1. Please identify the pairs in which a residue from region 200-213 that is without any contact (Cβ under 8 Å) to a residue 40 or more places away in the chain and over 16 Å from C27 (Cα atoms) has its Cβ atom under 6 Å from the Cβ atom of a residue that is charged (D, E, K, R) and more than 7 Å from the ligand (Cβ to nearest atom), counting only partners at least 6 apart or on another chain.
2. Identify the single condition in (1) assigned to a strand (DSSP E or B); (2) touching a residue at least 12 places away in the same chain (Cβ under 8 Å) that A363 does not satisfy, given that it satisfies every other one.
3. Those residues that are within 26 Å of the chain's Cα centre (by Cα) and among the charged types (D, E, K, R), I need them from region 80-124; list them, please.
4. If you take the residues of region 170-207 that are assigned to a loop (DSSP other than H, G, I, E, B), of a type outside the set (A, V, I, L, M, F, W, C) and away from the ligand (no atom under 16 Å from the Cβ), which of them is farthest from D297 (Cα to Cα)?
5. Being buried (at least 18 other Cβ atoms within 10 Å of the Cβ), closer than 26 Å to V340 by Cβ and small (G, A, S), is that true of even one residue in region 352-366?
6. One residue is enough: does region 332-346 have a residue meeting the conditions open to solvent by 50 Å² or more (accessible area, probe 1.4 Å), under 30 Å from E21 (Cα atoms) and touching a Lys or Arg at 6+ places or on another chain (Cβ under 6 Å)?
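The values are calculated or read from the model by the stated rules, or taken from the named source; none is laboratory data. Keep in mind that what you see is a predicted model, and the values were worked out from it rather than measured. Positions of Cβ are backbone-derived with ideal geometry, glycine not excepted, and every protein chain shown enters the neighbour counts. Just the protein is used for accessible areas: all its heavy atoms, side chains included, with ligands, DNA and RNA removed. Shrake-Rupley method; radii C 1.70, N 1.55, O 1.52, S 1.80 Å.
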Amino acid sequence: MAEATGEQQQTERGADVVTLEKVVALCKRRGFIFQSSEIYGGLGSTYDYGHYGVLLKNNVKAEWWRAVIQERDDMVALDAAILMHPKTWEASGHLEGFTDPLVQCLGECRKRWREDHLRSEQLGAEGAEGEIRCPECGGELSEPMNFNLMFETHMGPTRESGSEVYLRPETAQGIFVNFKNVLQFARKKPPFGIAQIGKAFRNEITPGNFIFRTREFEQMEIEFFVPPEEAPKWHEQWMEDRMRWYTDLGIRPDHLQLREHGADELSHYSSATSDIEYRFPMGFSELEGIANRGDFDLKQHAKFSGEKLEYVDSSDGSRYVPHVIEPSAGADRATLAFMVDAYDEEEVEGRERVLLRLHPRLAPVKVAVLPLVNKDGQPEKAREIYEDLRKRMPAEYDAGGSIGKRYRRQDEIGTPWGVTVDHQTMEDDTVTLRDRDSLDQSRIAVGELGEELERRLAAPWSSPQPR
Ligand code: ATP
């Protein structure tokens, strides 16, 4: 492979340019994410993923599965139903306690807010004493009331009492109620974990910030069962492993922080929780929670179901209820974080280019094959190369519009490599291989292309943006 002269030289990169508005606009422009039911005026804070959005989020989930299942031998997978026996939510405490403090503006706008959020915004901390006012119109606020976030529906043809079921507000409980099944069939013993990805639903009082907080979202959750005395050690280990997952996939380390929950913030079941927070445009906010849940969940489900949920050591008959470490992440929030972190703008030869510097493994399309001109056999040759490459990785063929325009489009969807077929290709069977981040262009034989791209895809990668 010989180096060719660069297509363009990039100008020096500036500071962080990303805003949420820019990411939302790009998502719409390039078909990543749309407002749900848009033709009816949209449904508040629900979103639909378009082609590139589906591919990106699938890659995020696939990387999670890879890290927690494929690359370990102490984890198994599960896919539990969204609708669960209503007793589940009694046992877990959700029916009683899965509430947020709701206040309503008594002034002009009558809007509803989360009291704890307003306290930290206006007084500096959740639970801080002092008067808070409506952020919209300055009006007085009602006394807080506990608002349950679970969506309720009915099972079966009648709406009579006793037929209530809930859309699960977290995937975790599906794991706990399957503990016995898994223990029996997976031939595992603590320490071992169960991993699951699935939809969860919360009737959030104030959803917002695009896909950061929605009422329907996907969680990627692990319940890791350990001997009780090993829980603190595994809690530490999971914090480290999960932080590394984000940085290995290109998130800049200084855009991540671990924040330990204060005693007043801890859930009733948790002895310690730390959040992995990402520097979103609206400030550092939770990306993933990693909790030490003790034996709360298994004991509760044992009590409510009458089943023994414990580990019995067959060698000596000793038994115990395992403690649980729970790394709980949001697939949509992670997708947003990867997009925000990858977003960049720069000036190249007097023109602005917008790009997503996504980790190649996350990029929806890995390589675009473009004929330089739409004649002289170039489109046919490009199509042939594309059909060969797509057997190895997600590829795209694009022959429409000027080459600059086509590159801009690929930059915006984060395609790491571009292959251009030109007049020279027709003579010596080489193509130009363009790198999204450095804009380097090199000449490579068509016969070597597939292997070279696979090598690049497997290589470690870190964001070229300022750290
Ligand atoms: P928050 O404080 O932001 O409401 P939480 O502490 O209630 O979050 P968990 O119950 O720990 O969240 O859920 C685990 C993960 O699920 C979160 O870290 C987040 O990534 C994701 N998640 C939770 N609620 C939502 C939501 N409404 N929309 C999108 N993702 C969510």
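1. A200/R168
2. (1)
3. D100, R114, D116, E121
4. Selected residue: R187.
5. Yes, region 352-366 has at least one match.
6. No, that holds for no residue.
Matching residues to (1) among the small types (G, A, S); (2) closer than 27 Å to R114 by Cβ; (3) open to solvent by less than 50 Å² (accessible area, probe 1.4 Å):
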residue: N146; (1), (2), (3): no, yes, no
residue: R159; (1), (2), (3): no, no, no
residue: Y166; (1), (2), (3): no, yes, yes
residue: A200; (1), (2), (3): yes, yes, yes
residue: E204; (1), (2), (3): no, yes, yes
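Conditions (1) open to solvent by 40 Å² or more (accessible area, probe 1.4 Å); (2) of a type outside the set (G, A, S); (3) out of contact with any Asp or Glu (no Cβ under 8 Å at 6 or more places or on another chain), marked per residue:
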residue: Y49; (1), (2), (3): yes, yes, yes
residue: L55; (1), (2), (3): yes, yes, yes
residue: N59; (1), (2), (3): no, yes, yes
residue: I69; (1), (2), (3): yes, yes, yes
residue: M75; (1), (2), (3): no, yes, yes
residue: A80; (1), (2), (3): no, no, yes
residue: L83; (1), (2), (3): yes, yes, yes
residue: P101; (1), (2), (3): no, yes, no
residue: Q104; (1), (2), (3): yes, yes, yes
